[in-house]
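The values are calculated or read from the model by the stated rules, or taken from the named source; none is laboratory data. Here the structure is a predicted model, which means the values were calculated and not measured. Reconstructed Cβ throughout: ideal geometry from the backbone, glycine too, with neighbour counts over all protein chains shown. Ligands, DNA and RNA are excluded from the accessible area calculation, which covers all protein heavy atoms including side chains. Shrake-Rupley method; radii C 1.70, N 1.55, O 1.52, S 1.80 Å.
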Amino acid sequence: PSSSLLQKRKEKRQKRSLERKNQGEEGGEFVGRKRLRKEVTTSSPLRLVIDCSFDNLMMFKDVRKLHKQIQRCYSVNRRAVHPVQFYLTSLGGQLKQNMDKTDEGWVNWKDITVKTEAYHEVVAKEELVYLTSDSPNVLTELDETKAYVIGGLVDHNHHKGVTFKRAQELGIDHAQLPLNSFVKMNSRKVLAVNHVFEIMLVYLEKGNWQEAFVTVLPLRKGAMPLGQEGTATEDEEESDRDSDTAETVTPTTTGNKQDQQNV
């Protein structure tokens, strides 16, 4: 190549390098030559609390599942458009032992509050809302001044009603997600802790419950928007790592019946 052509190539490389540098100073990230899409994130004051006080009610295999779901919650919150204030309460027992053994780096997690105390000892009672299917109250919108509690319980069918009972005993507010007002479930299924967590995050971003449910719930669970039953196909790619805890859903053909969520 001629010297003039080499010079042009050099100038072009320098120009690209300068552009990358300038974009990087503005907050963009690069992997090789590819620039990752930069999302504008605004933290939400809303608090999401995973209540880890059910350790003694679970077998160790279920504790491991809960640990994986907590990892997923942490990961999606870090990437969320509107990340919430994430709390783990009553952390101890088998769960903490498994976290210490298999995921030592968890102690360096950022943007999370981890407490050995119970949620009602960390947050004022009047600010708490426990998400439970047994509640007669159905959420219509989220109050960002509140702290919403998700029960960290796997294999909850053996302990039905325990979260609602605890909320009543403490005299704190409780509610259920408005799932059956927006989607139809083919069968009684269980929503993982991380599914509930992600539904809340998507709602904060989109402001639309139906979009939140359909976005988060895998098709293999039979979640379809009301009025579109029978149009979806099974999603075989979802693994069972996301199931077996948190909120239980019962089938219904109307949007008026209550959904059955967390025990």
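Odds and ends about this structure:
- Index of the failed condition, Asp134 passing every other in (1) farther than 17 Å from Glu169 by Cβ; (2) in a loop (DSSP other than H, G, I, E, B); (3) not hydroxyl-bearing (Ser, Thr, Tyr): (1)
- Tally, over segment 101-127, of residues that are among the acidic types (Asp, Glu), modelled with pLDDT under 95 and open to solvent by 40 Å² or more (accessible area, probe 1.4 Å): 2
- Leading residue by the ranking (nearest to Leu204 (Cα to Cα)) among those in segment 85-100 that are open to solvent by 10 Å² or more (accessible area, probe 1.4 Å) and in a strand (DSSP E or B): Gln85
- Residue within segment 180-192 that is at pLDDT 90 or above and either open to solvent by 30 Å² or more (accessible area, probe 1.4 Å) or under 19 Å from Asp143 (Cα atoms) (or both) present: no
- Search result, residues across segment 39-84 that are open to solvent by 40 Å² or more (accessible area, probe 1.4 Å) and either assigned to a loop (DSSP other than H, G, I, E, B) or acidic (Asp, Glu) (or both): Glu39, Val40, Thr41, Thr42, Ser43, Pro45, Met59, His82
- Tabulated pairs, segment 198-212, first surrounded by 20 or more Cβ atoms within 10 Å (Cβ to Cβ), second of a type in the set (S, T, N, Q) and assigned to a helix (DSSP H, G or I), C-beta under 6 angstrom, 6+ apart or interchain: Val202/Thr215
- Among residues of segment 167-184 that are within 25 Å of His120 (Cβ to Cβ) and charged (D, E, K, R), those with a beta-carbon under 9 Å from a residue that is open to solvent by less than 30 Å² (accessible area, probe 1.4 Å) and part of a strand (DSSP E or B) at least six positions away or on a different chain give the pairs Asp173/Leu128; Asp173/Val129; Asp173/Tyr130.
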